[in-house]
Amino acid sequence: MTKTGTVEHLGADYFQDPHSVHARLRAQRPVSAVVMPGGWPAWLVAGYAEARAALADPRLRKTTPDWQPDPMFAALERHMLNSDPPDHERLRRLVNKAFTARRVERLRPRITSITAELLDAMPTQGEVDLLASFAFPLPITVICELLGIPVADRDDFRRWSATTLSDTATAEQVQADAAAMISYFRALLTVKRQQPADDLLSALISVRDSGDSLREDELLSMMFLLLVAGHETTVNLIASGTLALLLNPGELSRLRADPSLLDGAVEELLRSVSPVNHATFRFAAEPVEIGGAHISPGEVIVIALSSANRDPSRYADPDPDQLDLGRDSSGHLAFGHGIHYCLGAPLARLEAEIAFGALLQRFGSIRLAVPAESLRWRPSTLIHGLEALPVRLLP
């Protein structure tokens, strides 16, 4: 990272260790002017109180009056995460009708079964990439089955998702993968209209509210959002959470000895590893002051969830950089806050609870197969996720 005047220029090291960058920025001020790795200027909100308030501030909008989707992503960007009231309420209301807590809880037996199948397929000893063999296939299989998407196509979705979230993908890569995803979704919608099934996509096609329904472009965008958001957070929570436990053997032993800590452990891992590095960006609709920073209309605000979750002013005892499975992690912002709070949070929590519990029960010993410093993180500012997690397993 370099620094020019009072503006921080975030470089490639931000992908690998955003926590160190956030700690230094927080120590200086809760809101800093930055240039993101992609070269665009923004205000980065690093303090917990400021981040929580900003997430619920109606003056910070997802769009501007002249906003138009990137032509390459136009069919994928008109979803509720990119919408402001009243459009946001309308879209979320329609999705809520199909994405209920009861539907999520009904998935418990199936998630448990998928977890067992994946663990059965892993060698009982030796080296394995836990991300490729477990952390990725579990949530992508669940969301594909929930939506009614053929699980056989999950590797395509992994590639498409990685491209759309990458800060270093070329325009040609983005265009090719976005076009492939849109084409796939259009064909799938045609099939579901002709042969509806008991799945979320069929429900989204048929859902109605006072005569209102989702338009074609909204369906495409909603499929994109639910598919990508529906697995990325959990993939990174399982992989990064496992890494955090391996790097803190005392806490790992503590969890093995007392499985009743599992629910709280999931919350502490969400706080500590923050699978979503920062919220999708917002624009100031009017002059706004946040944490002493004077932000002009139209300027971009990036709310660093992972920084807020390690702010000593909120999580001081013990040190917020320390993993403590007995900590009261309530109030963490891993799933956001306000009207854009993650719709899939109950599903991510359920998957993580089952995954960590089964993994630790199945294997008596899990160790990193490579030095921790050699692990690489994906080149994305939006999410913080490993590229691979080589481990050695023993029954």
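The values are calculated or read from the model by the stated rules, or taken from the named source; none is laboratory data. Just so it is clear, the structure is predicted and the values come from calculations on it, not from any experiment. Note: ideal-geometry Cβ built from the backbone for every residue, glycine included; neighbour counts use all protein chains shown.
Brief remarks on what is shown
- In the set 197, 203, 178, only one residue is in contact with a Ser or Thr (Cβ under 9 Å, 6 or more places away or on another chain) and among the hydrophobic types (A, V, I, L, M, F, W, C); that residue is 178.
- Total residues in the range 89-122, condition at pLDDT 85 or above and in a loop (DSSP other than H, G, I, E, B): 3
- Only listed residue being surrounded by fewer than 17 Cβ atoms within 10 Å (Cβ to Cβ) and either out of contact with any Gly (no Cβ under 6 Å at 6 or more places or on another chain) or not hydrophobic (A, V, I, L, M, F, W, C) (or both), chosen from 272, 296, 329: 296
- Identity of the residue in the range 117-134, of a type in the set (Gly, Ala, Ser) and within 17 Å of residue 234 (Cβ to Cβ), that ends up surrounded by the most Cβ atoms within 10 Å (Cβ to Cβ): 133
- Taking the listed residues 360, 343, 350, 393, the one that is in contact (Cβ under 8 Å) with a residue 12 or more places away in the chain and in a loop (DSSP other than H, G, I, E, B) is 343, with no other qualifying.
- If you go through the range 180-217 and keep only what is aliphatic (A, V, I, L, M), part of a helix (DSSP H, G or I) and touching a residue at least 60 places away in the same chain (Cβ under 8 Å), you end up with 181, 182, 200, 203, 204.
- Given (1) in a strand (DSSP E or B); (2) farther than 27 Å from residue 387 by Cα; (3) not β-branched (Val, Ile, Thr), index of the condition residue 367 fails: (2)
- For beta carbons closer than 7 Å, sequence separation of 6+ or different chains, a first residue in the range 220-240 that is over 17 Å from residue 129 (Cβ atoms) and in contact (Cβ under 8 Å) with a residue 40 or more places away in the chain and a second that is in a helix (DSSP H, G or I) and polar (S, T, N, Q), the qualifying pairs are 228/161; 228/164; 232/161.
- Residue count, the range 43-55 (criterion: surrounded by fewer than 23 Cβ atoms within 10 Å (Cβ to Cβ) and under 15 Å from residue 381 (Cβ atoms)): 0
- Residue satisfying condition, being farther than 21 Å from residue 19 by Cβ, surrounded by fewer than 17 Cβ atoms within 10 Å (Cβ to Cβ) and not aromatic (Phe, Trp, Tyr), within set 345, 316, 355: 345
- Within the range 145-175, the set of residues being in a helix (DSSP H, G or I), over 30 Å from residue 37 (Cβ atoms) and in contact (Cβ under 8 Å) with a residue 60 or more places away in the chain comprises 146, 147.
- Yes/no for residue 243 being touching a residue at least 12 places away in the same chain (Cβ under 8 Å), assigned to a helix (DSSP H, G or I) and in contact with a Lys or Arg (Cβ under 8 Å, 6 or more places away or on another chain): no
- Residue within the range 153-174 that is modelled with pLDDT of 90 or more, surrounded by 14 or more Cβ atoms within 10 Å (Cβ to Cβ) and small (Gly, Ala, Ser) present: no
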